[in-house]
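To keep things clear, I will list the structure first and then write my remarks on it.
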Amino acid sequence: MAISFHITSVREGTIFNVMQFLSLEKVTGMLEVRFGRQIPEASIYFVAGSIATAEFGHLVGDSVLDVLLCQEFSIKEVAFAPGRVNQVNEQAIIVNSSNIASVMLNVSKDVDFCESRPFIYGLLPVNGRSGRTSPSILHILHGFGDWQDELTTASRGDKDKKAPLPECALIHRALATSVIAYQRPLVSIKALRPLLSLLDPLSDKEQNNLRGYLRSLLPHPKATHLSIERFYAFASAIESMAQRRSPEVGDRARRAIHTLIQSATKTQQLSQPPNVSQ
């Protein structure tokens, strides 16, 4: 019987598990990876259990696997349909793809050692210096050729970070130099420390609950910032805990939260490229 499936609950490790399953079953067909209705999907073609090709617009081959593993928290669903394709894109061929575990291990190492990843958040919309906008960083990666000229105007500097994909290194440089900027304010995770210190001492249960909740709100595990919307959710939990400590601690927490929001909004306004309408 031909295998087909559609998974709408994607968690950490899902992509590896799905690909390993398809490899063990020696399937032939197309695995579609979807980030949402408004974002183009990535396609991975299997032949007898080996990855033949991987495509995500401008990105092809092994680069696609890097992006999928890096931005796995952005994936909304995956679906597999059996069948052969009429024509294989030779530029998208995966080299040495017979051993899925080995391929994904190499990709995992790439992601772990990527210096650009902490500040690249796939689903967040951005503004460009020229006034252009993109619904997400994933859109930029998919249609990189349309953005390359603008991104290359970013000058090299001390904030440059390395990345396995040159596209990601260039995107990070552009973000660091405000050639492009996230549309929404971001709150630095480091900036949360004084707020969290108001709750000291924390019980083991409280620490584990807060750590788990914060992790669930991050764009990915290595992220250094939260979007302002997700910070509101985390701040609400902090304020509730602080209020249970005492009304005075609750007031101090509310003031600290307000200061963080003001700081993030001001930083975002300063980093916005000129000539961009808000």
| field | Length gained when the stretch D200-E32 is fully extended (0.36 nm per residue, less Cα-Cα span) | value | 55.9 nm
| said: Once R0 is set to 25 Å, what does the formula 1/(1 + (r/R0)^6) return for the Cβ-Cβ distance between R254 and K190, expressed as a FRET efficiency to the nearest 0.05? | reply: 0.75
| field | Ellipsoid semi-axes in whole angstrom, largest first, where each is sqrt(5λ) of the Cα gyration tensor of segment 177-278 | value | 28, 16, 9
| Can you work out the FRET efficiency for the pair Q91 and T14, with r the C-beta to C-beta distance and R0 = 35 Å, to the nearest 0.05? | 0.85
| Name the chymotrypsin sites (Phe, Trp or Tyr not before Pro) in segment 63-161 that are in a loop by DSSP and that have at most 15 other C-beta atoms within 10 Å, would you? | F113
| note | Percent relative contact order for the chain, counting Cα pairs under 8 Å at least six residues apart, stands at 17
| At 37 °C and 0.692 mPa s, what whole-number value in µm²/s does Stokes-Einstein give for the translational diffusion of segment 1-134, with Rh from the Kirkwood sum over Cα pairs? | 212
| request: For segment 84-213, compute Rh as the Kirkwood radius over C-alpha pairs and then the Stokes-Einstein diffusion coefficient at 25 °C and 0.890 mPa s; write the answer in µm²/s, rounded to an integer. | output: 137
| Binning every alpha carbon pair distance of segment 159-214 at 10 Å from zero, what are the percents per bin? | 19, 31, 23, 24, 4
| Going down the list K76/K190; K76/K161; K109/K162; K161/K190, which pairs span over 24 Å between their C-alpha atoms? | K76/K190; K76/K161
| field | Computed helical MRE - 222 nm, the chain, DSSP H runs ≥ 4 contributing -39500 (n - 2.57), nearest 500 | value | -13500 deg cm²/dmol
| message | Given Cβ point charges of +1 (Lys, Arg) and -1 (Asp, Glu) and nothing else, what value in debye, to the nearest 20, does the dipole of the chain about its Cα centre take? | response | 920
| remark: Treating every alpha carbon of the chain as one equal point scatterer without solvent, the Debye formula yields log10 I(q)/I(0) values at q = 0.14 Å⁻¹ of -1.03
| remark: Subtracting the Cα-Cα distance of T265 and R245 from 0.36 nm times their residue separation yields 4.3 nm
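Here, each number is a calculation from the coordinates, and none is a lab measurement. Keep in mind that this is a model prediction, so the values were computed, not measured. Counting neighbours? That spans all protein chains shown, and the Cβs are built from the backbone with ideal geometry, glycine included.
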